[in-house]
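Here is the structure we will look at, set down as structure tokens.
The values are calculated or read from the model by the stated rules, or taken from the named source; none is laboratory data. If you're wondering where the values come from, they're calculated on a predicted model, not measured in any experiment. We place every Cβ from the backbone using ideal geometry, glycine too, and count neighbours over all the protein chains shown.
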Amino acid sequence: MARVVVDVMLKPEILDPQGQAVANALPRLGVDDVASVRIGRRIEIDFVGEPDLDRAREIADKLLANPVIEDFSIRVVDAEPDAVDSRS
Amino acid sequence: MTARVGVVTFPGSLDDGDAARAVRLAGGEAVRLWHNDPDLRGVDAVVLPGGFSYGDYLRCGAIARFAPAMESIVAAARDGLPVLGICNGFQILCEAHLLPGALTRNQHLHFRNRDQLLRIESVDTAFTNSFTSGQEVLIPVKNGEGCYVADERTLDELEATGRVVARYVGGNPNGSQRDIAAITNEAGNVVGIMPHPEHAVEALTGPSLDGLGFFTSILKHLAGAPA
């Protein structure tokens with residue numbers, strides 16, 4: 001299976017109240033060295049054949065992300081269950 | 001001839017019934033349209049009602065934009081069909097790029113439901129010609145993702161071209177930039193508004209009758225429009 005992962009994040013200049021709420025909750029866990037938290041969305045697209053990055057980019061641009069407020073990045077990953085995130 | 005005003009029902013629409021009722025109270029004929037049917041049944045105008053189309057999945061309005069009815073509405077709006085998007089309808093219009101900017105999560109994260117004062121700032125649209133410029137109206141607002149955002153250039157352009165249709169007065173309920181509650185496109189035939197004029201059309205259920213003006217405006221606009 002060919003898997004493409006799309007990460008969608010709010011643009012830096014767009015306020016992320018969800019992220020702020022999480023950041024504000026961290027001191028309750030005893031965590032006090034976090035400057036900021038931003039929340040995004042990860043979408044996994046499994047193609048039938050070879051991963052089609054152009055098609056994935058089109059999907060991301062037209063539907064998965066709203067370019068007015070969000071940026072996205074695309075990468076191909078191994079779709080095995082224990083796959084290692086290519087970014088980590 | 002009675003004006004035929006279409007009201008689209010998406011899966012998850014909530015206020016389509018109230019919107020159709022508001023059209024009737026204003027003197028128009030409400031025509032129910034279905035999200036999955038591209039046929040607009042010859043309507044003279046369209047209202048996209050509030051609610052949670054497609055469960056607000058992905059982003060509010062993001063899936064509705066690709067509904068067959070919306071494909072027809074986007075094309076017709078570009079040819080001048082009056083389209084009013086209320087709440088979720090406003091979100092759909094932004095997602096469909098008929099209006100600039102986007103609606104995001106309320107800054108304070110709370111769902112806000114209250115009667116809200118608005119100042120009508122543009123009376124040149126198909127939906128606000130029954131008001132006077134600067135008129136204050138009381139209309140319910142109820143949203144969780146009603147914070148209007150756009151880049152500074154877009155906001156400046158909206159202001160400079162008189163396309164801010166209404167602003168929140170007496171407190172901004174969701175953090176919208178520049179207190180924007182409603183905007184219009186360049187031609188003035190497409191309006192998106194976050195508060196709900198269709199909930200302020202009868203003394204029994206609304207805080208005022210101020211919402212009716214948005215619907216009588218459609219009829220006035222159509223009566224004055226060249227055939």
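List every residue pair whose Cβ atoms lie under 9 Å apart, where the two residues are 6 or more positions apart in sequence or sit on different chains, the first residue falls within region B:93-113 and is more than 30 Å from B:Leu81 (Cα to Cα) and in contact (Cβ under 8 Å) with a residue 40 or more places away in the chain, and the second residue, located anywhere, is among the charged types (D, E, K, R) and in a strand (DSSP E or B).
Going by the 9 Å Cβ cut-off, the qualifying pairs are B:Asn106/B:Arg112; B:Arg112/B:Lys142.
Search region B:7-19 for residues being among the aliphatic types (A, V, I, L, M) and closer than 21 Å to B:Ala203 by Cα, and hand back the single one that is surrounded by the fewest Cβ atoms within 10 Å (Cβ to Cβ). Give the steps one after another, and end with the answer.
We begin by selecting, within region B:7-19, every residue among the aliphatic types (A, V, I, L, M); these are B:7-8, B:14, B:19.
Right, trim to closer than 21 Å to B:Ala203 by Cα and you get B:14, B:19.
Details: B:Leu14: 17, B:Ala19: 30.
Applying the filter and picking the extreme gives B:Leu14.
Collect the residues in region B:114-158 that are within 14 Å of chain A (Cβ to nearest Cβ) and over 17 Å from B:Ile183 (Cβ atoms), keeping them in residue-number order.
B:Gly144
Among the listed residues B:Val164, B:Val137, B:Val141, identify the single one that is more than 16 Å from B:Asp210 (Cα to Cα) and either at pLDDT 95 or above or not aliphatic (A, V, I, L, M) (or both).
Answer to the check: B:Val164.
It is to be established whether one or more residues within region B:178-190 are buried (at least 19 other Cβ atoms within 10 Å of the Cβ), within 14 Å of chain A (Cβ to nearest Cβ), touching a residue at least 12 places away in the same chain (Cβ under 8 Å) and under 23 Å from A:Gly19 (Cα atoms).
no
Name the single residue that is nearest to the other protein chains (Cβ to nearest Cβ) among those in region A:65-74 being closer than 8 Å to A:Val6 by Cα and not polar (S, T, N, Q).
Taking region A:65-74 as the starting set, the residues that turn out to be closer than 8 Å to A:Val6 by Cα are A:72-74.
From what is left, the residues that are not polar (S, T, N, Q) are A:72, A:74.
Values: A:Phe72: 12, A:Ile74: 17 Å.
Looking at the filtered set, the residue picked out is A:Phe72.
Say we look at region B:133-153 and pick out the residues that are in contact with a Ser or Thr (Cβ under 9 Å, 6 or more places away or on another chain) and in a strand (DSSP E or B); which of these is surrounded by the fewest Cβ atoms within 10 Å (Cβ to Cβ)?
Filtering first and then ranking leaves B:Leu138.
Against the condition of a type in the set (A, V, I, L, M) and in contact (Cβ under 8 Å) with a residue 24 or more places away in the chain, how does B:Ile63 come out, does it pass?
no
Return the residue satisfying two criteria in turn: it lies in region B:81-106 and is in contact with an Asp or Glu (Cβ under 9 Å, 6 or more places away or on another chain) and under 16 Å from B:Leu158 (Cα atoms), and of such residues it is surrounded by the most Cβ atoms within 10 Å (Cβ to Cβ).
Checked region B:81-106; the qualifying residue surrounded by the most Cβ atoms within 10 Å (Cβ to Cβ) is B:Leu103.
Given the structure, is B:Cys94 within 30 Å of A:Met9 (Cβ to Cβ) and away from chain A (no Cβ under 14 Å)?
Details: within 30 Å of A:Met9 (Cβ to Cβ): yes; away from chain A (no Cβ under 14 Å): no.
Answer is no for this residue.
Name the residues in region A:45-77 that are small (Gly, Ala, Ser) and in contact (Cβ under 8 Å) with a residue 60 or more places away in the chain, would you? Reasoning before the result, please.
The initial filter retains those residues of region A:45-77 that are small (Gly, Ala, Ser), namely A:49, A:56, A:60, A:65, A:73.
The one that is small (Gly, Ala, Ser) and in contact (Cβ under 8 Å) with a residue 60 or more places away in the chain: A:Ser73.
Of the residues that sit in region A:1-47 and are of a type in the set (A, V, I, L, M) and part of a loop (DSSP other than H, G, I, E, B), which one is farthest from the other protein chains (Cβ to nearest Cβ)?
Taking region A:1-47 as the starting set, the residues that turn out to be of a type in the set (A, V, I, L, M) are A:1-2, A:4-6, A:8-10, A:14-15, A:21-23, A:25-26, A:29, A:31, A:34-35, A:37, A:39, A:43, A:45.
Applying the additional criterion that residues be part of a loop (DSSP other than H, G, I, E, B) yields A:1, A:14-15, A:31, A:34-35, A:37, A:39.
On the way: A:Met1: 23, A:Ile14: 6, A:Leu15: 6, A:Val31: 20, A:Val34: 19, A:Ala35: 20, A:Val37: 14, A:Ile39: 10 Å.
So, considering only residues that are of a type in the set (A, V, I, L, M) and part of a loop (DSSP other than H, G, I, E, B), the one farthest from the other protein chains (Cβ to nearest Cβ) is A:Met1.
Check A:Glu50 against each of (1) modelled with pLDDT under 95; (2) more than 14 Å from every other protein chain (Cβ to nearest Cβ); (3) in a loop (DSSP other than H, G, I, E, B); (4) out of contact with any strand residue (DSSP E or B) (no Cβ under 7 Å at 6 or more places or on another chain) and name the one condition it does not meet.
Unmet condition: (4).
May I ask you to list the residues in region B:159-177 that are away from every other protein chain (no Cβ under 14 Å), touching a residue at least 24 places away in the same chain (Cβ under 8 Å) and assigned to a helix (DSSP H, G or I)?
Residues satisfying the conditions do not exist here.
Going through region B:20-74 one residue at a time, which ones are part of a helix (DSSP H, G or I), touching a Gly at 6+ places or on another chain (Cβ under 9 Å), within 14 Å of chain A (Cβ to nearest Cβ) and surrounded by fewer than 24 Cβ atoms within 10 Å (Cβ to Cβ)?
Result: B:Tyr54, B:Asp56.
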